[in-house]
Amino acid sequence: MKQLKVILGKRSYPISIGSNIIQKDDIFWPLKPGNQAMLVTNKTLANLLKDKVLYHLRKSGIKIDQVILSDGEQYKTLNEMELIISALLEKKHTRDTTLIALGGGVIGDLTGFAASVYQRGVAFIQIPTTLLAQVDASVGGKTAVNHLLGKNMIGSFWQPASVIIDIDCLKTLPQKELVSGIAEVIKYAIVFDEKFYSWLEENIENILSLDHEIMSYCIKKCCELKSKIISLDERENNFRALLNLGHTYGHAIETHAGYGNWLHGEAISVGIVMAARTSKILGYLKETDFKRIITLLKRTGLPVKGPKNMSAASYIPYMMRDKKVISGEIRLVLPLSIGKSEIYNHVDKNIILTAIKESQ
Ligand code: NAD
Ligand code: GLY
């Protein structure tokens with residue numbers, strides 16, 4: 001088992017990565033025998049992993065209840081969050097309870113948000129079961145639910161007490177979901193690390209076939225990159241925003257298409273292409289780097305073109321509601337080269353529109 005740490009003073013926490021680690025002694029730290037906890041999962045994971053996790057929680061002496069939510073991005077809502085709160089109240093959970101999120105980014109975001117508001121804040125543990133949640137969503141304490149007008153518009157920063165990443169979970173993950181998660185992996189490499197990008201180019205087939213060593217390295221690398229950023233800029237006052245490469249466009253696609261119709265990673269893939277094209281038009285990103293980005297996304301099986309029925313102009317209102325907007329100005333993360341990105345404030349709207357049109 002490998003362990004990393006997100007350093008945030010008293011709120012620092014471990015990320016444990018390994019195979020079948022759910023059965024290791026003390027893995028549910030800081031939970032101790034006799035502690036109360038609520039497992040939050042969805043109907044899909046209830047059939048796959050819930051019983052195994054419950055068995056080991058009970059074996060560790062934890063008093064565990066459970067709540068099972070519907071599966072899908074369209075259920076990342078205030079309504080579903082309230083179901084978690086109701087379950088906590090019905091089962092008389094007090095302020096020293098711990099919520100445990102077992103699932104992908106949707107369950108992680110919902111559970112984290114519920115933990116941040118239940119009785120003004122209780123602890124929670126992340127057990128991410130998709131690649132996307134293992135490399136990104138479970139680390140860093142962003143929690144949220146969607147609003148019909150915008151993705152992740154209601155939420156909080158609330159760090160988990162621990163992140164438990166069991167690579168074996170990925171064996172049951174549908175291929176489309178694995179591919180979606182790789183979009184966030186490629187994002188890290190474009191933003192921060194050219195060497196990692198070259199490694200991905202060499203190893204993408206091994207990632208797609210879930211080679212154990214390769215996956216282990218890949219997940220650890222992404223968690224290392226993310227934990228460093230979180231330790232330096234927890235609340236996105238500065239360069240944490242770089243982790244949003246592709247998201248300003250991608251969230252527009254997800255919201256416009258109706259939540260769940262485009263997978264998050266698929267929308268982010270197209271968003272990365274749009275950001276890269278914007279940068280190329282502005283003369284920052286070289287054609288050779290642009291082509292490398294398109295090639296890797298395509299080899300992964302990710303889309304590189306936006307939805308046909310979404311006009312370029314219709315992206316703008318969603319982009320204007322992006323959380324990075326300041327004083328009515330869209331702020332974009334643009335790749336300058338593979339391994340280096342920056343945040344730009346005053347990009348001409350016509351250039352943004354041209355980049356979107358050329359990516360349709
Ligand atoms: P998801 O949570 O919807 O999971 C994808 C699908 O895979 C679901 O149907 C789920 O039930 C199923 N699944 C999960 N684990 C499985 C397993 N081991 N075997 C079989 N099926 C499994 O989607 P996701 O891609 O994990 O997460 C996307 C969400 O994460 C979005 O809402 C996005 O906004 C959010 N997100 C949050 C952050 C953050 O920092 N908080 C970062 C990135 C993304
Ligand atoms: N996924 C972007 C972030 O956590 O900041």
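At-a-glance table
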item	result
Selection count, segment 8-51, where residues are within 21 Å of Gly121 (Cα to Cα), in contact (Cβ under 8 Å) with a residue 24 or more places away in the chain and away from ligand 2 (no atom under 16 Å from the Cβ)	14
Identity of the residue in segment 225-239, away from ligand 2 (no atom under 11 Å from the Cβ) and assigned to a loop (DSSP other than H, G, I, E, B), that ends up surrounded by the most Cβ atoms within 10 Å (Cβ to Cβ)	Asn238
Residue pairs meeting the criteria (Cβ under 7 Å; at least 6 apart or on separate chains; first modelled with pLDDT of 95 or more, in segment 129-144; second more than 7 Å from ligand 2 (Cβ to nearest atom) and aromatic (Phe, Trp, Tyr))	Gly141/Phe157; Gly141/Trp158; Lys142/Phe157; Thr143/Phe113; Thr143/Trp158; Ala144/Phe113
Which numbered condition Met81 misses (of (1) surrounded by fewer than 20 Cβ atoms within 10 Å (Cβ to Cβ); (2) more than 22 Å from Ile167 (Cα to Cα))	(1)
Enumeration of residues in segment 24-55 that are within 16 Å of ligand 1 (Cβ to nearest atom) and either loosely packed, with under 13 Cβ neighbours inside 10 Å or not aliphatic (A, V, I, L, M) (or both)	Thr41, Asn42, Lys43, Thr44, Asn47, Lys50, Asp51, Lys52
Residue check for Gly140: away from ligand 2 (no atom under 15 Å from the Cβ) and either among the basic types (Lys, Arg) or on the phi > 0 side of the Ramachandran plot (or both)	no
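For every residue, the table says whether it meets (1) within 16 Å of ligand 1 (Cβ to nearest atom); (2) of a type outside the set (Gly, Ala, Ser); (3) within 23 Å of Thr44 (Cα to Cα).
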site: Ile84; (1), (2), (3): yes, yes, yes
site: Lys92; (1), (2), (3): no, yes, no
site: Gly105; (1), (2), (3): yes, no, yes
site: Asp109; (1), (2), (3): yes, yes, yes
site: Phe113; (1), (2), (3): yes, yes, yes
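Condition check ((1) surrounded by 17 or more Cβ atoms within 10 Å (Cβ to Cβ); (2) more than 16 Å from ligand 1 (Cβ to nearest atom); (3) within 23 Å of the chain's Cα centre (by Cα); (4) outside any loop (DSSP other than H, G, I, E, B)) across all residues:
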site	(1), (2), (3), (4)
Ala241	yes, no, yes, yes
Gly271	yes, no, yes, yes
Arg299	no, yes, yes, yes
Asn309	no, yes, no, no
Asp322	yes, no, yes, no
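The values are calculated or read from the model by the stated rules, or taken from the named source; none is laboratory data. All values reported here derive from a predicted model rather than from experimental measurement. Please note: Cβ atoms are built from the backbone with ideal geometry, for glycine as well, and neighbour counts cover all protein chains shown.
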